[in-house]
Amino acid sequence: MSTDSSLPVLKATDFASDQEIRWCPGCGDYSILAQVKKVLPSIGVPLENTVFVSGIGCSSRFPYYMNTYGVHSIHGRAPAVATGLKTARPELFVWVITGDGDALSIGGNHLMHAIRRNLDINIILFNNEIYGLTKGQYSPTSPLGKVTKSTPMGAVDNPLHPLSIAIGCEGTFVARSIDMHIKHLGMVLSRAAEHKGTAFVEVYQNCNVFNDGAYTYATDRATKSDTVLELEHGKPLIFGKNRDKGIRLNGMDPEVVELGKGITEDDLLFHDEKAAEPSLAYLLSRMTHPEFPEPIGVFRAVDRPRYEEEVDQQVVEAKAKKGEGDLDALFRIGDTWEVS
Amino acid sequence: MALICPDCGVENIDGVDTCESCGQSLTMLNKPQRAPSPVGDGMLRDQIQSLHPKQPVTTSPGTPLEDALHIMLENKIGSILVTEDDKLLGIFSERDAVNRVGVEFNALRDRPISEFMTPLPGTLEAENKIIFAVHKMAIGRYRHIPIVEGDRPVGVISIRDILRYVKEHMQASGS
């Protein structure tokens, strides 16, 4: 992103709109909103060049609460709208705000292609493992056996892991954070904003009305050291209150081990977010509570050409070969007639 | 003195300009204000432990139906928890008595309570919000929820506790 020294220095409050926030008090969305507002001033993009695109759901009320341009689009289609926007206006700083229902139910296809194309956009998926806006139906990330209004006998669907999907779609930046870990969330959002390409961030977000406590294991002070593993590039996977546990590979499978008793840090798996092959990142995305600590942080951050740049380059080359083109003439190719 | 953010409900230090949680202005006088809802806002904010869940009355799975009913009547409770080795196995309520036993009481009085209980009922923890308890009762169409720590029941709340909460908050707001 380029910065112009003649522009005013923005503060987090400059990004707050005058709209009444309709999220329930205590919703995890507030924390994400606050961290996005804190991160944006440091990126240095003017308000008028920033756009938030959302679909449908509680998460998707986000654009109303930002003093930027915004598009509250249709269910699951935010990535498609963002793709068009970024391709036509590559100078814009485009964010997609979506949820586990919007992105992985109806929006699954659009999400897949946006990530695959590697547009320079930032996708934040608010994962509360429920359909909140429609009052408590299960979602594609709800756990097996979850009893909800639409699954009175418990969900029988295997849940999706959003990061596994993103990595499978060739995501170049894939990360996870938690609504209550505000410093960590700010760091992850900052890195996502700086990444050149599609940045996909899953945020564990608590819905205190329809799915309260879904992530207590990861936010409770008493348990989080043992249930969450913070990833750092180049560092071994260590966790635990006393940092005495780690993850090593046993063949192709991760296993939790205790340090000491013959096991040192050198025996552990070391995180490499820049690995060309996504296998390590995918393996980390499969680690779930309670069998494993759940990794948070940047799983993958690699470079690849961006879709909008490639398309732009093709337009330049096409014009060089065949001239500017005439859209009016194109419409009139072949038979046309007037209907009176 | 604390300043409660009208948007997210988080306490801020009195005198700050913006909420530390959601970043919204705390000084804009012409901002649209959410209509206060003491009962609704309270349920979103307060945890189940503020309802003071009652000590659970428990019995073992082999307890005869007649004895279980006797315990419930003696204690004037609408449900009894069925446990084994301090682990919750099920719940037997007044509705179970009517729906699953009904007029066949004489023939079934010696049968173990485990045959009539609802196994592995929905549970909550004391830190969950009251609104979530209301939601669970609405989905499951039940009126009692065991409160647990891990597998161990430590309390029970009923729909009556919710109604008492509603009444207290309506009275407090003068509505």
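Throughout, read-outs are computed from the coordinates displayed, never taken from laboratory work. Just so we're clear, the structure is a prediction, and the values are computed from it rather than from any experiment. Neighbour counts are summed over all protein chains in view; Cβ atoms, including those assigned to glycine, are modelled from backbone coordinates with ideal geometry.
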*Number of partner chain Cβ atoms within 10 Å, mean per residue of A:146-153*: 2
_Neighbourhood charge, 15 Å Cβ-Cβ cut-off, centred on residue B:77 and excluding it, Lys, Arg +1 and Asp, Glu -1_ = 0
*If you project the alpha carbons of chain A onto the principal axes, what extent comes out on each, in Å, largest first?*
83, 47, 44
*asked:* Give the lysines whose C-alpha is closer than 17 Å to that of residue A:274, dropping any in the same chain fewer than 8 places away, or say none.
replied: A:196, A:235
_Residues whose placed amide H lies under 5 Å from that of residue B:155, excluding near-sequence neighbours_ = B:147
*asked:* So if a site counts as exposed when it's one of the trypsin sites (Lys or Arg not before Pro), its DSSP state isn't H, G, I, E or B, and it has at most 15 other Cβ atoms within 10 Å, what's the longest stretch of chain B without one?
replied: B:35-75
_the range B:1-85: GluC sites (Glu not before Pro) falling in loop per DSSP and having at most 15 other Cβ within 10 Å_ = B:20
_Hits among aspartates and glutamates - C-alpha to C-alpha of residue B:167 under 18 Å, sequence gap 8 or more where chains match_ = B:41, B:46
*Exercise: per-residue mean of other protein chain Cβ atoms within 10 Å, B:17-23*: 6
_Using amide H atoms built in the peptide plane, which far-off residues or other-chain residues are under 5 Å from residue B:126 H to H?_
B:148
*For the range A:8-46 and the range B:37-102, what is the separation of their Cα centres, given in Å?*
44 Å
_Over 28 Å between Cα atoms: which of A:135/A:241; A:37/A:224; A:38/A:135; A:146/B:87 fall into that group?_
A:135/A:241; A:38/A:135
*List A:30, A:204 from most exposed to least, where exposure is judged by having the fewest other Cβ atoms within 10 Å.*
A:204, A:30
*So what J values fall out for the range A:210-215 if you push phi through Karplus, 6.51 cos²θ - 1.76 cosθ + 1.60 with θ = phi - 60°, rounded to Hz, Gly and Pro as x?*
10, 7, 4, x, 4, 10
*Output ³J(HN,Hα) for the range A:268-278: one whole-Hz value per residue in order, computed from phi by the Karplus curve 6.51 cos²θ - 1.76 cosθ + 1.60 with θ = phi - 60°, and x for Gly and Pro.*
7, 6, 9, 7, 9, 6, 9, 4, 5, 7, x
*Radius of gyration and maximum dimension Dmax of the range B:49-167, Cα, Å*: 14.0, 42
_Exercise: per-residue mean of other protein chain Cβ atoms within 10 Å, A:16-29_ = 6
*Mind listing the phi-derived Karplus ³J(HN,Hα) values for the range A:48-53, rounded to whole Hz, using 6.51, -1.76 and 1.60 with θ = phi - 60°, and x for any glycine or proline?*
6, 9, 10, 9, 10, 10
